[in-house]
Amino acid sequence: MKWLIALVVAGVLACSVVWVVRWERNSVKGAYVNALPPYTQLRGLAFILEQDCYIFEFKSRESTYPLLGSHATVPDLPEEVKASNIGADLPNVRILGILRTGDGFRIASVRQDTSRAGKTITFEIVLDNESSRAYFKLDAFWMMDHTPEKIGAAPVILTSYAVPRVMM
C-alpha cells in the first residue's frame, strides 16, 4: 500500500513539474516601456484610420487586448470588412467588431512582450469615442511596421492603415 501511495505522489509531482516547465516556456511577460528613449514621444500620438479594420482575437492564443487589423497583414481575416462577419465561425480568428475609415485613435501606451521567441513591441490604443465602444483598449500589433525594432528604433503605424492626425 505504501508503494502505491509513493507511486501516486511521484506521478503527481512529475506532472506538476512538466506543467510548470511548459507554462514557463510558453509564457509571455509584458512590460510597459513608455519611458525608454525610443518610445518616449509615442504616447498620446493621434491617428486616423485609412481603411476599414476588424477588431479580432486569435482562437489559438490569448492577447491582453483585442487586436486590430485586416486581411492585408492577417490572412486569416476575410478580405472585405463587413459587419456580417462579426461573430462568424472562422477557423483561426474570432471577429469581435469593425472600425471604419476615418475613425480616430491615439496611442495610450507602448508595451514590450518577451517570450522564448524574442521581444516584440506593440501599441495599446484607445479610440476617440472610447466611452461608447465595447472595447476600451485595443492592440495595434498587426497594423504596425516592426522592421525598425531590428535596429533598436520604435516601430511605426503602417500608413496603409492609419495616418497621423494633425492637431490645430
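So which GluC sites (Glu not before Pro) in segment 37-109 pass both tests, a DSSP loop state and at most 12 other Cβ atoms within 10 Å of the Cβ?
Details: sites: E50, E57, E62, E79, E80; in loops: E50, E62, E79, E80.
Answer by residue number: E62, E79, E80.
Label the chain by shape, choosing from rounded, prolate and oblate, from the square roots a ≥ b ≥ c of the eigenvalues of the Cα gyration tensor; if a/c is under 1.5 it is rounded, and otherwise prolate applies when a/b is larger than b/c, oblate when it is not.
Working: a/c = 2.79, a/b = 1.75, b/c = 1.59.
In terms of gyration-tensor shape, prolate.
I need the shape label for segment 110-168. Rule: rounded when a/c is under 1.5, else prolate if a/b > b/c, else oblate, with a, b, c from the alpha carbon gyration tensor. Display every interim value, and only then the final one.
Values: a/c = 2.67, a/b = 1.45, b/c = 1.85.
It is oblate, given that a/c is not under 1.5 and a/b is not larger than b/c.
For a protection proxy built on the mean count of beta-carbon atoms within 10 angstrom, sort 112-118, 137-143 highest first, please.
On the way: 112-118: 12.3, 137-143: 22.4.
In decreasing order of mean packing, 112-118, 137-143 become 137-143, 112-118.
Go ahead and run the numbers for FRET between A6 and S60, Cβ-Cβ distance against an R0 of 41 Å, rounding to 0.05.
On the way: r = 39 Å, r/R0 = 0.94.
My answer for the efficiency is 0.60.
If each residue of separation counts as 0.36 nm, what is the full-extension length gain between Q51 and N129 once their alpha-carbon separation is subtracted?
26.3 nm
By the scheme Lys and Arg +1, Asp and Glu -1, what is the net charge of all other residues having a beta-carbon under 14 Å from that of L67?
Details: positive: K59, R61, R94, R111, K137; negative: E57, E62, D76, D113, E124, D139.
Taking every other residue near L67 into account, the sum is -1.
Taking the Cα-to-Cβ direction at A72 and at Q41 and moving 7 Å from each Cα, how far apart do the two end points lie in nm?
Result: 2.4 nm between the two label points.
Report relative contact order for the chain in percent, whole number only (criteria: Cα-Cα under 8 Å, sequence separation at least 6).
Values: 295 pairs, mean separation 43.5, N = 168.
Worked out over the chain, it gives 26 percent.
What is the sum of charges, Lys and Arg at +1 and Asp and Glu at -1, for the other residues whose Cβ falls under 15 Å from the Cβ of I48? Don't skip to the end; give the middle numbers.
Working: positive: R100, R106, R165; negative: E50, D52, D103, D128.
The answer is -1.
Given R₀ = 22 Å, FRET efficiency for N92-A117 by Cβ-Cβ distance, to 0.05? Can you show the working numbers first?
Numbers: r = 18 Å, r/R0 = 0.83.
About 0.75, to the nearest 0.05.
Please check: in the Gaussian network model of the chain (C-alpha springs, under 10 Å), which one of D89, D128, D52 has the largest mean-square fluctuation.
Of D89, D128, D52, the most mobile in the Gaussian network model is D89.
Give me the distance between the Cα centres of segment 47-121 and segment 126-168, rounded to whole Å.
Segment 47-121 and segment 126-168 have Cα centres spaced 11 Å from each other.
Springs between alpha-carbon atoms under 10 Å, Gaussian network over the chain: tell me which of F58, F47, F123 tops the mean-square fluctuations.
Taking springs between Cα atoms under 10 Å, the residue moving most is F58.
Quick one: Karplus J couplings for segment 88-96, per residue in order, coefficients 6.51, -1.76, 1.60, θ = phi - 60°, nearest Hz, x for Gly and Pro?
5, 7, 9, x, 10, 10, 10, 8, 9
Where a number appears in this text, it was derived from the coordinates with a stated rule and is not lab data. All values derive from a computational prediction rather than experimental measurement. Here the Cβ is made from the backbone with ideal geometry for all residues, glycine too, and neighbour counts use every protein chain on show.
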